[in-house]
Amino acid sequence: MKTLTLKLSILILITGLSFNAFTQTINIDSTFYADTEIYPFSQVDSIYSLNMSGHITLNSDTSLIRIILTDTLGNEFMIYEAYPLITTEMNFSIYDECDETCYLNEFNPNSLIIYTIDASVYINNLSYSTIPCDNCESQQYNAKRQKDFEKIQLMN
């Protein structure tokens, strides 16, 4: 089990390093306390991945933050979510988080939908890639599986 976790961590590290070499950034620099939809993609045609960095504050055991990426067709992919069952702290920073948006097939972004319940999220920036990925579906599946595994480990 430790070997599998180590191999997955190395794979994510290597993938993350190669990903960072081809990213562009959108600065948001805003805190959100209520459900909101923002449109930061006016200068972006299509993307192949999207990561988010910022700060999360959960105020109670029922707090929730969820950030969703939508495209021009109305499809939705979760960038990040936090609630006390899957976090170790109530006040923390996040860096280059992507839940379902680590690998995308030519995605035409439209908006971010931000859901909050008794919580706040400061979004520092969004990082995205305009370089197509190889085996995108497979990479997306593996990345999502790893994220789900991490959440389950925290719940247990």
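The values are calculated or read from the model by the stated rules, or taken from the named source; none is laboratory data. Not measured: the values here are computed from a predicted model. Note: ideal-geometry Cβ built from the backbone for every residue, glycine included; neighbour counts use all protein chains shown. For accessibility, only protein heavy atoms count, side chains too; no ligands or nucleic acids. Shrake-Rupley method; radii C 1.70, N 1.55, O 1.52, S 1.80 Å.
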Identify the single condition in (1) charged (D, E, K, R); (2) assigned to a strand (DSSP E or B); (3) modelled with pLDDT under 95 that residue 151 does not satisfy, given that it satisfies every other one.
(2)
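Would the stretch 114-135 turn up any residue that is in contact (Cβ under 8 Å) with a residue 12 or more places away in the chain, charged (D, E, K, R), over 19 Å from residue 76 (Cβ atoms) and surrounded by fewer than 18 Cβ atoms within 10 Å (Cβ to Cβ)? Steps first, please.
From the stretch 114-135, those in contact (Cβ under 8 Å) with a residue 12 or more places away in the chain are 114-133; that's our starting set.
Next cut, charged (D, E, K, R) only: 118.
Checking the rest, the ones that are also over 19 Å from residue 76 (Cβ atoms) come to 118.
From what's left, surrounded by fewer than 18 Cβ atoms within 10 Å (Cβ to Cβ): 118.
Within the stretch 114-135 (the criterion being in contact (Cβ under 8 Å) with a residue 12 or more places away in the chain, charged (D, E, K, R), over 19 Å from residue 76 (Cβ atoms) and surrounded by fewer than 18 Cβ atoms within 10 Å (Cβ to Cβ)), the answer is yes, since at least one residue qualifies.
Out of the stretch 54-83, which residues are among the hydroxyl-bearing types (Ser, Thr, Tyr), in contact with a helix residue (DSSP H, G or I) (Cβ under 9 Å, 6 or more places away or on another chain) and open to solvent by 70 Å² or more (accessible area, probe 1.4 Å)?
62
Can you say whether residue 95 is open to solvent by 40 Å² or more (accessible area, probe 1.4 Å) and more than 19 Å from residue 136 (Cβ to Cβ), as far as the supplied structure shows?
Numbers: open to solvent by 40 Å² or more (accessible area, probe 1.4 Å): yes; more than 19 Å from residue 136 (Cβ to Cβ): yes.
Yes: the conditions hold for residue 95.
Looking at this structure, is residue 86 among the aliphatic types (A, V, I, L, M) and either open to solvent by 60 Å² or more (accessible area, probe 1.4 Å) or over 20 Å from residue 39 (Cα atoms) (or both)?
Numbers: among the aliphatic types (A, V, I, L, M): yes; either open to solvent by 60 Å² or more (accessible area, probe 1.4 Å) or over 20 Å from residue 39 (Cα atoms) (or both): yes.
Yes, satisfied.
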Exactly one of these conditions fails for residue 156: (1) modelled with pLDDT of 95 or more; (2) within 23 Å of residue 61 (Cα to Cα); (3) open to solvent by 50 Å² or more (accessible area, probe 1.4 Å). Give me its number.
(1)
Restricting to the stretch 88-117, what's the tally of residues that are of a type in the set (D, E, K, R) and more than 14 Å from the chain's Cα centre (by Cα)?
2
Restricting to the stretch 98-108, and then to whatever is of a type in the set (Asp, Glu) and touching a helix residue (DSSP H, G or I) at 6+ places or on another chain (Cβ under 7 Å), can you tell me which residue is surrounded by the fewest Cβ atoms within 10 Å (Cβ to Cβ)?
100
